[in-house]
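Here the structure comes first, spelled out in structure tokens, and everything after it is commentary.
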Amino acid sequence: MLRTAFLTFLTLLIAIGGGAGSVWYALGAIGGLGALHVGGWTAYPQAGTVDADPYSKARVAREAELPLGRAEGLAFVADRDSTNQPLRRDCTYRIEGHIPAARFWTIYAADAGNRALAPVGDRAPGISAFAVVRASDNSVVVTASPRAAPMNWLAISGQGGMSLVLTLYDTPVASNENIAEIDLPQVLRTECDG
């Protein structure tokens, strides 16, 4: 009798704990269901639509996000550099390449919860289409670093991991069927302090 009760309790504990753990993992994984990978960047194009999968809806509810709808734009997140190493705040990165067509775009450094990092002095941890210096071929080179850099400097503060969030507003990319074929900037690690 005691053995049966113990086995029943153990089975329920494994089932409930395993189920809750797998859901927690699925909601926290950046490459979960509904994810679209373009180079080193990840986006959830369905997140702000009625077609979003249940995990995307739960992730949005848990994080209290207000995702962009298809007509509004699309956010891409990179948490690894071009050599597949996790992004760190004590490193300097060069984000270079072409930004897809959009009425406006921003790129900012974020913590693990995709919240913008604290400002460095009076410098915000982000840069936008209106404040960027472009090359002659209309490409951009942004230096993400804890130390000041010439031209386009994206200021990084704090310690630990980070991600980069590139948001395209009012862009044809969001409604494009071939969205996985677009070109996004590369994230290249140039140096690290540690």
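Taking the fewest neighbouring Cβ atoms within 10 Å as the starting point, the ordered list for Val60, Val165, Val187 is Val60, Val165, Val187. With q set to 0.10, 0.14, 0.21, 0.24 Å⁻¹, the log10 of I(q)/I(0) for region 1-101, from the Debye formula over equal scatterers at the Cα positions, is -0.44, -0.71, -1.14, -1.27. Between rounded, prolate and oblate, where does region 89-159 land on the alpha carbon gyration tensor, with a ≥ b ≥ c its root eigenvalues, rounded for a/c under 1.5, else prolate if a/b exceeds b/c? Judged from the Cα gyration tensor, region 89-159 comes out prolate (a/c at least 1.5, a/b above b/c).
Given the Cα-Cα distance of Phe104 and Ser128 and 0.36 nm per residue of separation, how much length would full extension add, in nm? Full extension from Phe104 to Ser128 adds 7.9 nm.
Of the residues Cys192, Cys91, the one with the fewest other Cβ atoms within 10 Å heads the list, and the complete ranking is Cys192, Cys91. First measure r as the distance between the Cβ atoms of Glu65 and Asn138, then evaluate 1/(1 + (r/R0)^6) with R0 = 30 Å and state the FRET efficiency to the nearest 0.05. For Glu65 and Asn138, the calculated efficiency is 0.45.
The C-alpha atoms of the chain define a longest principal axis, and helix 2-28 lies at about 10 degrees to it. Normalised Debye scattering of the chain at q = 0.18 Å⁻¹ gives log10 I(q)/I(0) of -1.26, counting only Cα atoms as equal scatterers and leaving out solvent. Once the chain from Arg115 to Leu36 is taken as fully extended at 0.36 nm per residue, the excess over their C-alpha distance is 26.4 nm. Assuming R0 = 22 Å, what is the FRET efficiency of Cys192 and Ala149, from their Cβ-Cβ distance, to the nearest 0.05? For R0 = 22 Å, the calculated efficiency reads 0.90.
Helix 54-63 axis versus longest C-alpha principal axis of the chain: approximately 70°, rounded to the nearest ten.
Residues Ser136, Ser22, Ser145, Ser82, arranged from fewest to most other Cβ atoms within 10 angstrom of their Cβ, appear as Ser136, Ser22, Ser82, Ser145. Here the spin labels are modelled as points 7 Å beyond Cα on the Cα-Cβ line, and at Tyr25 and Val50 they lie 3.4 nm apart.
Quick note: the coordinates plus some simple rules give every number you see, no bench work behind them. Predicted model only: the values in this text are computed from it and were never measured. Every residue, glycine among them, receives a Cβ derived from its backbone with ideal geometry; neighbour counts consider all protein chains shown.
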